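Take a look at the structure below.
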Amino acid sequence: MIEVKKVNKSFTLFNQNNAKITVFKNLNFEVNPGEIVALKGPSGIGKSSILKMIYGSYIIDKGAIIINNKNIATLSAQEILKLRKTSIGYVSQFLKVIPRISALDVIMEPLLNSGDNKNNAYKKSIKLLKDLNIEKNLWHLSPLTFSGGEQQRINIARGFIKDLPYLLLDEPTASLDSKNRDIIINLIKAKSNRGVSIIGIFHDEYSRKKLNVREIDLNIETKH
Amino acid sequence: MIIPLLKVTNLSKSYDNIVGCKNISMSLYPGEVLGIVGESGSGKTTLINCLSGNLEPDRGKIIFNINNKETDFLNISESEKRKFIRTDLAFVHQNPRDGLRLNVSAGGNIGEKLMSVGYRHYGNIRSLATKWMNKVEIDKSRIDDLPITFSGGMLQRLQIAKNLITSPNVIFMDEPTGGLDVSVQARVLDLIRSLVNELNLTVIIVSHDLAVIRLLADKMIVMKNGTVIESGLSDQVLEDPQQEYTQLLVSSVLHV
């Protein structure tokens, strides 16, 4: 379970006249195992910020974010690194990789980093590439040369390759055609059926319906 | 509870009246990559020179804990220190010419390093050297060539091979991609990253290039005027910097 408790978050922009932007005041919600929560609200309201706070990329001003009975807000850097490795998958909006590394290696990396053997990681990655409908002639190329939709699927593969209890998804179905969108939706469903707590941003009504999400409307949540 | 591989407490070093670094405290755990950023003169190089034994700090503590053996780096004899530096630490210089002997063959450069930690069998040394040339993507037919015939990128890769071949426990890198042109930079970065993953290396890397830090480092510290002004997970420091100077640094990066 993910619990977000009484969270305040603001940004102070020192180099822009110390402007202070308050994003959340007293934000509360939770995500149960097997549940898919969709964050809803106009752009700029802080949907991605919530994912980043849970992942530990953003520091919160007040409150607690509890994952695995641990409060992200009070963990040290290496404790967060460990928690990420063992528990939290994060699919960002855009793929960030070093040039020259092949799609296959990009996907295998999280498994190899957790000590999985190469053969096993290879098999799992190949299966996922096939499931995701990525053409075989692309597997050994750097994803930086791929189309937006292909990059997005590699990004998802990298985030989904491990069996982790928590998944954070930042617009996983954006920039995909309907066929590939359905593939991703089914992968997300499969994770959910296995008890994974999922919190995501889904820009389209179709995905939200198909995934049977519980919506959290940030327009309401942030107006206290 | 995991014990840090390296624990630094209140480390200070000045040059006469000029502060090099002041009251630095930090921990590094096995398999972590720590990035150090900051403007020229902020004390980055002074810090890693102190940690790697190239400089004697004025005050502070440096404790290495390797395979449950604690080494109080600033309180051991000079000979113990030399041995520790030789076997447990490695230093990759920005300019590979500082870390290589240019009038000794590529294989000789690597072989020397092996001999320094006790390898004696010529055949073993040569086969290990060949294996590492291959690992850093230098054609093995170049093993008897002098480094002066190598390009900048090849020299840097040779320096990396020379440093990693003895499986050191902590690797220091001072702007390892600094002097290389962009396409070569990507290749060296990629190489460092795959070696870090494959061999589970513990690395301290100094760079003024935030993109390099983002791609390689798990944690980072930001230095200014000899002190650490901000530290944390790399993605956190880069995406949600808490200090004015760090915000300036991050917002000054040009995006292509």
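Since every read-out is calculated from the coordinates, none of them should be taken as a lab result. What you see is a predicted model, and the numbers here were worked out from it, not measured in a lab. Reconstructed Cβ throughout: ideal geometry from the backbone, glycine too, with neighbour counts over all protein chains shown.
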- [ ] Return yes when residue B:61 is within 14 Å of another protein chain (Cβ to nearest Cβ) and in contact with a strand residue (DSSP E or B) (Cβ under 7 Å, 6 or more places away or on another chain) and no when it is not.
- [x] no
Task: Given (1) charged (D, E, K, R); (2) more than 13 Å from chain B (Cβ to nearest Cβ); (3) more than 26 Å from residue A:195 (Cα to Cα), index of the condition residue A:124 fails - done: (3)
Open item on the list: Which count do you get for residues in segment A:57-84 that are within 23 Å of residue A:162 (Cβ to Cβ) and in a helix (DSSP H, G or I)?
Closed with: 9
Open item on the list: Tally up the residues in segment B:58-97 that are outside any strand (DSSP E or B) and among the basic types (Lys, Arg), please.
Closed with: 5
Open item on the list: So in segment A:16-49, with the set limited to residues that are within 12 Å of chain B (Cβ to nearest Cβ) and surrounded by 14 or more Cβ atoms within 10 Å (Cβ to Cβ), which one is farthest from the chain's Cα centre (by Cα)?
Closed with: A:23
Task: residue B:158, sole failed condition from (1) surrounded by fewer than 18 Cβ atoms within 10 Å (Cβ to Cβ); (2) not in a loop (DSSP other than H, G, I, E, B) - done: (1)
TODO: Scan segment A:174-198 for residues that are out of contact with any Leu (no Cβ under 6 Å at 6 or more places or on another chain) and outside any helix (DSSP H, G or I) and jot them down.
DONE: A:174, A:175, A:176, A:177, A:194, A:195, A:197
Open item on the list: I'm told residue B:67 meets every condition in (1) free of Cβ contacts under 8 Å to residues at least 40 places away in the same chain; (2) buried (at least 20 other Cβ atoms within 10 Å of the Cβ) except one. Can you identify the failing condition by its number?
Closed with: (2)
Open item on the list: For segment A:54-76: of the residues being among the hydroxyl-bearing types (Ser, Thr, Tyr) and within 10 Å of another protein chain (Cβ to nearest Cβ), which is nearest to residue A:2 (Cα to Cα)?
Closed with: A:55
Task: Residue count for segment B:35-60, restricted to those that are among the acidic types (Asp, Glu) and within 14 Å of residue B:9 (Cβ to Cβ) - done: 1
Open item on the list: Against the definition (outside any loop (DSSP other than H, G, I, E, B) and under 18 Å from residue B:48 (Cβ atoms)), how does residue B:148 come out, yes or no?
Closed with: no
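Here is a yes/no grid of residues against (1) in contact with a strand residue (DSSP E or B) (Cβ under 7 Å, 6 or more places away or on another chain); (2) over 30 Å from residue B:131 (Cα atoms); (3) not small (Gly, Ala, Ser):
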residue: B:12; (1), (2), (3): yes, yes, no
residue: B:25; (1), (2), (3): yes, yes, no
residue: B:29; (1), (2), (3): no, no, yes
residue: B:40; (1), (2), (3): no, yes, no
residue: B:57; (1), (2), (3): yes, yes, yes
residue: B:94; (1), (2), (3): yes, no, yes
residue: B:107; (1), (2), (3): no, no, no
Open item on the list: Go through (1) farther than 30 Å from residue B:11 by Cα; (2) under 23 Å from the mean Cα position of the chain (by Cα) for residue B:80 and report which single condition fails.
Closed with: (1)
- [ ] Report yes if some residue within segment B:94-104 is touching a Lys or Arg at 6+ places or on another chain (Cβ under 8 Å), surrounded by 15 or more Cβ atoms within 10 Å (Cβ to Cβ) and within 25 Å of residue B:84 (Cα to Cα); otherwise report no.
- [x] yes
TODO: Determine, yes or no, whether residue B:247 is buried (at least 21 other Cβ atoms within 10 Å of the Cβ) and free of Cβ contacts under 8 Å to residues at least 12 places away in the same chain.
DONE: no
TODO: Can you confirm whether segment B:176-183 contains a residue that is free of Cβ contacts under 8 Å to residues at least 60 places away in the same chain, within 13 Å of chain A (Cβ to nearest Cβ) and touching a Gly at 6+ places or on another chain (Cβ under 7 Å)?
DONE: no
TODO: For residue A:41, indicate whether it is within 22 Å of residue A:84 (Cβ to Cβ), of a type outside the set (Ser, Thr, Tyr) and touching a helix residue (DSSP H, G or I) at 6+ places or on another chain (Cβ under 7 Å).
DONE: no
- [ ] Give the residues of segment B:98-136 that are more than 16 Å from residue B:156 (Cα to Cα), of a type in the set (A, V, I, L, M, F, W, C) and part of a helix (DSSP H, G or I), sorted by residue number.
- [x] B:114, B:115, B:125, B:128
TODO: Residue by residue through segment A:75-89, note down the ones that are of a type outside the set (Val, Ile, Thr), in contact (Cβ under 8 Å) with a residue 24 or more places away in the chain and over 18 Å from residue A:33 (Cβ atoms).
DONE: A:84, A:85
Task: Answer residue from segment B:217-232, given it is facing chain A (nearest Cβ under 9 Å) and out of contact with any Leu (no Cβ under 7 Å at 6 or more places or on another chain) and is farthest from residue B:22 (Cα to Cα) among those - done: B:232
